[in-house]
Amino acid sequence: MDTIKHVLEVLSSVGVEETVFEPTDDGKTQIRGSNKDRTIIVFDTIDEQIGKHPMGVQSVKGLLSRIQLFDDSKASIEYEDSDDVVTNIKVKQGRKKVSYRCADPSSVIAPKKVPGDMDEEDRIAFDKEYTDYLSQAIASMSYTGDKAERTISISVSDEGTASVSIFDGEDDSFTDEISVEYDKTDKASWEVVPFQRVMKQSVERSDDDQCTLFVTEHGVAVFDVDILKIIVAPVA
């Protein structure tokens, strides 16, 4: 039960609301999911197997809250299946028990594939002090402009200088430059709210108080958040 609880905690923290757990042939689990706006996405594989069949979860918080009612070391979890999909999850501890009805994986908001390479090794790294500073800059820019149009952008020069820009959605912007150990990257932009949420969790769930991410050739931001890679979709 520890593994599924851990994964659900990470997903909930970044705002992923629906997810699919799908066992692979080599004993691992592929995890696919999204928030309702499809701006925050998970498409990753962990080394442990969760259940023996595909499982659709339409409320990450709903399942997590039920699992949290139990003591990890004393409770057991059962996956009931039908037609090669998990249909129900039961958690038991002594006389206590709770169930969660799963959804058909095909009905869950979850990507079947994502553009770009998700296995890049190099990372852009921002320490906690700098991510806190970016959050202050985001807050400052939020007093003006159009909330729906606010974006944050990153580009990296040949010299390893990352240019970070926050646009208020109307007329004004904040720009800063910071040295990073990362290859040149063309400018990519994301909505401020999902970017900031995942950035914060990347720092809080790291062992060294750092936010680490990379940007694919399609402008997708891929953050390391605990045991998962969490994607923030680019704006058009």
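Here, each number is a calculation from the coordinates, and none is a lab measurement. Only a predicted model underlies this, so the values are computations on that prediction, with no experimental measurement involved. Quick reminder, even Gly has a Cβ in these numbers, built from the backbone with ideal geometry, and neighbours come from all protein chains shown.
Of the peptides 159-171, 175-187, the ranking by mean beta-carbon count within 10 Å, highest at the top, reads 159-171, 175-187. Which of rounded, prolate, oblate describes the stretch 105-180, given a ≥ b ≥ c as roots of the alpha-carbon gyration tensor eigenvalues and a/c under 1.5 marking rounded, otherwise prolate only if a/b is larger than b/c? In terms of gyration-tensor shape, oblate. Against the empirical curve 2.2 N^0.38 Å, the C-alpha radius of gyration of the stretch 124-232 lands at a ratio of 1.00.
Taking other residues whose beta carbon is less than 13 angstrom from the beta carbon of residue 5, and scoring Lys, Arg as +1 and Asp, Glu as -1, yields -4.
Using all pairs of distinct alpha-carbon atoms, the Kirkwood hydrodynamic radius of the stretch 1-54 works out to 11.3 angstrom.
When only the Cβ of Lys, Arg, Asp and Glu is charged (+1, +1, -1, -1), the dipole of the chain relative to its Cα centre reaches about 1700 debye. Looking at 166, 223, 98, which one has the Cα that reaches farthest to the positive end of the dipole of the chain (charges on Cβ: Lys, Arg +1; Asp, Glu -1)? It is 98, whose Cα lies furthest towards the positive end. Computed over the stretch 2-107, relative contact order equals 23 percent, with contacts defined as Cα pairs under 8 Å that lie 6+ residues apart.
Charged side chains reduced to their Cβ positions (Lys and Arg at +1, Asp and Glu at -1) give the stretch 124-232 a dipole of some 400 debye around its Cα centre.
What's log10 of I(q)/I(0) for the stretch 128-168 at q = 0.15, 0.20, 0.29, 0.32 Å⁻¹, Debye sum over Cα points only, no solvent? After summing over all Cα pairs, the log10 values are -0.42, -0.67, -0.99, -1.07.
The trypsin sites (Lys or Arg not before Pro) of the stretch 27-113 that DSSP puts in a loop, and whose beta carbon has at most 11 other beta carbons within 10 Å, are 36, 52, 74, 95, 112, 113. Computed across the chain, the Kirkwood hydrodynamic radius from all distinct Cα-Cα pairs reaches 18.9 Å. Sorting 15-26, 147-158 by average packing, meaning the other beta carbons within 10 Å per residue, from highest down gives 15-26, 147-158.
Average projection, convex hull of the Cα set of the stretch 2-107: 6.5 square nanometres.
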